[in-house]
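Take a look at the structure set out below.
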Amino acid sequence: MISRKELLFQVVLHVIVLLFFSFDKHEGGIDIDRAIFLLFYSAATVIITYFLMPKYLYKKKYWQFFIAFGLVVTVVILLEELVLEPLMFPNTKRGTSFPGVYLSLLGVLPVMTILSGCKFGWDALQKQAEIDELQSTIQESELQFLRSQINPHFLFNNLNNLYSYALQNSPKTPEIILEMSGVLRYMLYESKEQFVPLKKELEHLDNFIKLYKLQIESRGHVNFKTSNINGGHRIAPLILIVFVENAFKHSQSGQSSDIEIDISIKMEGSVLEFRCKNNFEVVPSLDTVAKGIGLQNVQKRLQLLYPNKHRLEIKEENKSYNVYLRLELEKA
C-alpha cells in the first residue's frame with residue numbers, strides 16, 4: 001500500500017523528470033512527442049520499482065533482478081520501435097528504421113535509472129526510519145528492564161535490615177518503614193519518565209540517605225551536601241542512588257564503627273559532578289563495588305542515556321572507595 005507521502009513524492013518526481021527530459025531548448029517549450037515517450041518509460045519503470053525491486057532486489061536475488069530489468073528494458077525498446085514510432089511517425093525514416101541498440105538504450109536507460117534510483121532511495125530512507133524506531137523501542141525496553149531491577153535490589157537490602165530491627169523491637173522500626181514507603185513510592189510512581197527534574201531526584205536521594213543513616217546510628221558519620229543546584233535541568237532517575245547504596249552497603253559490611261561516608265553534588269553550568277567516598281574493612285566474601293549487580297546496571301544505563309556525555313571513575317585505595325561521576329544534563 002502506497003502512502004500519501006510516497007504518492008506525492010512519485011508524482012512530483014515524475015513531473016520533474018518529464019519536464020526536464022521533454023523540454024526543447026531550441027523551440028523553447030515542451031516537445032509533445034518526447035513527452036509521450038517519457039510517459040511510456042515512466043509507466044514501464046513502475047513495474048521495476050513496485051514489482052521487481054520488492055520481489056528480487058530487496059530479497060537479495062540480484063541476478064534475477066538484473067535479468068528481469070534487462071527484459072523490461074528490451075520489451076520497452078521493442079514496443080517503442082515496433083509500435084509507438086510507426087504510429088507516431090508513419091512513412092518516415094524514424095518510423096520505419098531501427099537506430100541501433102546503443103541509441104535506443106541512451107534514450108531509455110537515463111529516465112528509468114533516475115526514477116528507479118529515486119524509488120530505491122525513498123525505500124532506503126523508510127527502512128532506516130523503521131530501524132531507528134525499532135532501536136529506540138529496544139533501547140526503551142532495555143532501560144525499563146534495567147530500571148525495574150532497582151526496586152528488588154533496594155528491597156532485598158533493606159528488608160534484611162528491617163527484619164533485624166524488628167527482632168530487636170527497635171523504636172526506629174516504624175520510622176524505617178515510613179522512609180522505605182516514601183522511597184518506594186518515588187521508585188514505583190514518580191520515576192517512570194526517562195528524565196525527571198534534578199531537584200526532585202535530589203530530594204529522593206536525600207530521603208534515601210536518611211533511611212540508611214538510621215541503620216548506622218552512632219557507628220559513624222554521613223555527610224551529604226549539594227551546591228549550585230538549580231531547577232532548570234533534568235536527570236535520569238535512580239542513577240545516583242546506586243552509588244550511595246553501595247557506599248552504605250560496603251561501609252557497614254565487616255565494619256562496626258568509624259564509618260565515614262561523604263557524598264557531594266555540585267553543578268557547573270549544565271554539568272553535574274557527583275562524588276561519593278566511603279571507607280570499608282576488607283571482607284574476602286564481599287563483592288567489590290566494581291563487581292556489584294547494581295553498578296553493572298547503572299553503567300549500562302549511563303551508556304544508553306548519556307553516550308559520550310558522562311565520565312565515571314571508581315577507585316579503591318587505602319581502604320576507601322572513591323566514585324566520581326560527571327554528567328552533561330539536559331535542560332528542562
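Readers should treat all values here as calculations from the given coordinates under stated rules, not as data from a laboratory. The shown structure was predicted, so the numbers you read here are calculated from the model rather than taken from an experiment. Glycine gets a Cβ as well: all are built from the backbone with ideal geometry, and neighbour counts include every protein chain shown.
Within the bounds of the range 199-214, is there any residue that is in contact with a strand residue (DSSP E or B) (Cβ under 6 Å, 6 or more places away or on another chain) and either more than 22 Å from R275 (Cβ to Cβ) or without any contact (Cβ under 8 Å) to a residue 24 or more places away in the chain (or both)? Yes, the conditions are met somewhere in the range 199-214. Residues in the range 183-240 that are loosely packed, with under 15 Cβ neighbours inside 10 Å and among the small types (G, A, S): S218, S227, G231, G232.
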